[in-house]
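One structure below.
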Amino acid sequence: MPPTLANGKICYVEIPALDPRRSAEFYASVFGWNIRRRGDGATAFDDATGEVSGSFVTGRNPQAEPGFLLYVMVADAAATLEKIVAGGGAIVQPLHAGSPEIVARFRDPAGNLVGIYQEKALADRRGRPE
C-alpha cells in the first residue's frame, strides 16, 4: 500500500549519524525499520508502517538535548527499552506512565535524544505492570 499523501503529514526525517551503517542497524533491530540504499548511495529507511521515510546523515551534530523531539510509537515500551540497551543505546528517562500514555527517552548510538511512546490502554490490555 502506498503511503498516505496529505497536506501537513510528516513524511521524511533526517537523523544525524556518526556511522550511518551502525545507526541503520540500531533502528532496524529496535523498531523494525526497513533499511535501504538510495540511488545516491545514502543509507535510508522506511518506518515500520511504510508511511515515513528518511536517511541517516553525516556532517551534523547529534541532537543530544531536548529541542525538536521525535517519539517512536511502540507496542511494548518495556521490551523496547531492553532492545535499545542491547543495541547500544542508553536510557535517559525511564518509563513514565503517569499520563494516558507511557513514554521514555533514550540516546541512540550517535547520541541523538529520541523518545518512545506506548498508549497506556495497550499496556493495560496486555496486563503488563507499569
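Structural remarks
- Residues located in region 104-130, provided they are at pLDDT 95 or above, more than 19 Å from Leu18 (Cα to Cα) and aliphatic (A, V, I, L, M): Ala104, Ile116
- Looking only at region 1-37, residues that are without any contact (Cβ under 8 Å) to a residue 60 or more places away in the chain and assigned to a loop (DSSP other than H, G, I, E, B) come to 13 in all.
- Of the criteria (1) modelled with pLDDT of 95 or more; (2) in a loop (DSSP other than H, G, I, E, B), which one Thr49 fails: (1)
- Residue count, region 60-86 (criterion: surrounded by fewer than 18 Cβ atoms within 10 Å (Cβ to Cβ), assigned to a loop (DSSP other than H, G, I, E, B), of a type outside the set (Asp, Glu) and in contact (Cβ under 8 Å) with a residue 40 or more places away in the chain): 8
The values are calculated or read from the model by the stated rules, or taken from the named source; none is laboratory data. Since the structure is predicted, the reported quantities are computational estimates derived from the model, not experimental observations. Cβ coordinates were reconstructed from backbone atoms using ideal geometry, including for glycine residues, and neighbour counts include every protein chain displayed.
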